[in-house]
């Protein structure tokens, strides 16, 4: 709806898929937003510069991101060589600022820019929400220590709080996955909306909020050291191919067990037809991850070590299977009963 209203009111106009022109009204709004960003970044001690949109491909080869970000990179072949149209500017800002830093005494330094970015989005959508060409305000700090980096991060975090406050938007800072950008601590500032391009999880009690790609369960986790000390036993559950059937089979043996204490193993394949095994507690479901697909009957036939309905993690790494575990079971795996 926001896209439709912006077009109807004459703020923007589509030039191509994921490429928009800002008309006079839209440009005035954009200028106001840029001014708010400049004022808050300046107040946080950052200095504005402007980096090139064209980056020598060698910079991206040095960092390895020519491969890791190849799905979104746009390149240009020119007389002077091959260039990357910058989707982000870590490589360029390091090459630009590093010559001026001769000692730790020159630190900290924080710079920022408001610059056009380019990403080869496979599915541009929602108007300005996901585009191939867009304007980004990006800041970069150079610090002499981890504690200094945290101080710089805190200053910019506060700057973003101020920006969203001044814009009058209802927003939620959430923990985020760093993706190809990297980093140990990452946040996104998300505006709740019935239409958007991403989701976050939020606890109404403690206030914890995180992008669904970075969210972790907060339940109390039993550690292996807390496991019962009695000798482990093997329980036969023939013909039980689902968690509920395993519960019933164990119940008939006088063993009362909740599905959350059982381990569910779900098999998928990636684009190369390699098998991926995902482990979750028995009471949870798995949304098919991007880039993966459930195994078909033909897949089970071609992987003779897999038995539909009777799959577990034991020995799978020896078969070249990648095993991924839900965070909630990583530390209590020794306490889980594995259906056999």
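Tabulated data
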quantity: Matching residues, the range 134-150, being closer than 21 Å to residue 188 by Cβ and in contact with a strand residue (DSSP E or B) (Cβ under 9 Å, 6 or more places away or on another chain); calculated: 134, 135, 136, 137, 138, 139, 140, 141, 149
quantity: Cross-chain or 6+ apart pairs with Cβ under 7 Å, the range 148-163 first and at pLDDT below 95, then surrounded by 14 or more Cβ atoms within 10 Å (Cβ to Cβ) and in a helix (DSSP H, G or I); calculated: none
quantity: Those residues of the range 92-120 which are part of a loop (DSSP other than H, G, I, E, B) and surrounded by fewer than 17 Cβ atoms within 10 Å (Cβ to Cβ), in sequence order; calculated: 101, 102, 103, 107, 108, 120
quantity: Residue match in the range 171-194 (condition: surrounded by 15 or more Cβ atoms within 10 Å (Cβ to Cβ), more than 21 Å from residue 90 (Cα to Cα) and in contact (Cβ under 8 Å) with a residue 60 or more places away in the chain); calculated: no
quantity: Odd one out for residue 137, checked against (1) under 23 Å from residue 53 (Cβ atoms); (2) without any contact (Cβ under 8 Å) to a residue 60 or more places away in the chain; calculated: (2)
quantity: Among (1) at pLDDT below 85; (2) closer than 11 Å to residue 275 by Cα, the one test that residue 320 misses; calculated: (1)
quantity: Residue check for residue 54: touching a strand residue (DSSP E or B) at 6+ places or on another chain (Cβ under 6 Å) and either surrounded by 14 or more Cβ atoms within 10 Å (Cβ to Cβ) or modelled with pLDDT of 95 or more (or both); calculated: yes
quantity: Per-region count, the range 61-82, residues more than 20 Å from the chain's Cα centre (by Cα), surrounded by 12 or more Cβ atoms within 10 Å (Cβ to Cβ) and not in a helix (DSSP H, G or I); calculated: 4
quantity: Top-ranked residue of the range 8-44 - restricted to ones that are part of a helix (DSSP H, G or I) and touching a strand residue (DSSP E or B) at 6+ places or on another chain (Cβ under 7 Å), ranked as farthest from residue 126 (Cα to Cα); calculated: 41
quantity: Complete set of residues in the range 43-91 that are within 23 Å of residue 149 (Cα to Cα) and in contact with a helix residue (DSSP H, G or I) (Cβ under 8 Å, 6 or more places away or on another chain); calculated: 43, 44, 45, 46, 48, 49, 51, 63, 65, 88, 90, 91
quantity: Test for residue 73: is it in the same structural domain as residue 12 (by TED's automatic domain parsing) and under 30 Å from residue 5 (Cα atoms); calculated: no
quantity: Subset of the range 17-42 [out of contact with any helix residue (DSSP H, G or I) (no Cβ under 7 Å at 6 or more places or on another chain) and touching a residue at least 40 places away in the same chain (Cβ under 8 Å)]; calculated: 17, 18, 19, 20, 30, 33, 34, 38
quantity: Residue count, the range 274-305 (criterion: more than 16 Å from residue 317 (Cα to Cα) and either in a loop (DSSP other than H, G, I, E, B) or in contact (Cβ under 8 Å) with a residue 12 or more places away in the chain (or both)); calculated: 18
quantity: Enumeration of residues in the range 176-193 that are at pLDDT 90 or above and more than 15 Å from residue 212 (Cβ to Cβ); calculated: 189, 191
quantity: Residue check, residue 45 over 28 Å from the mean Cα position of the chain (by Cα) and either crowded, with 18+ Cβ neighbours inside 10 Å or in contact (Cβ under 8 Å) with a residue 24 or more places away in the chain (or both); calculated: yes
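Quick grid of which residues meet (1) in contact with a strand residue (DSSP E or B) (Cβ under 7 Å, 6 or more places away or on another chain); (2) at pLDDT 95 or above; (3) under 20 Å from residue 155 (Cα atoms); (4) not assigned by TED's automatic domain parsing to the domain that holds residue 43:
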| residue | (1), (2), (3), (4) |
| --- | --- |
| 80 | no, no, no, no |
| 96 | no, yes, no, no |
| 100 | no, no, no, no |
| 107 | yes, yes, yes, no |
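The values are calculated or read from the model by the stated rules, or taken from the named source; none is laboratory data. From a predicted model like this one, the values you see are computed outputs, not experimental measurements. For neighbour counting, all protein chains shown are included, and Cβ atoms are generated from backbone atoms with ideal geometry for every residue, glycine included.
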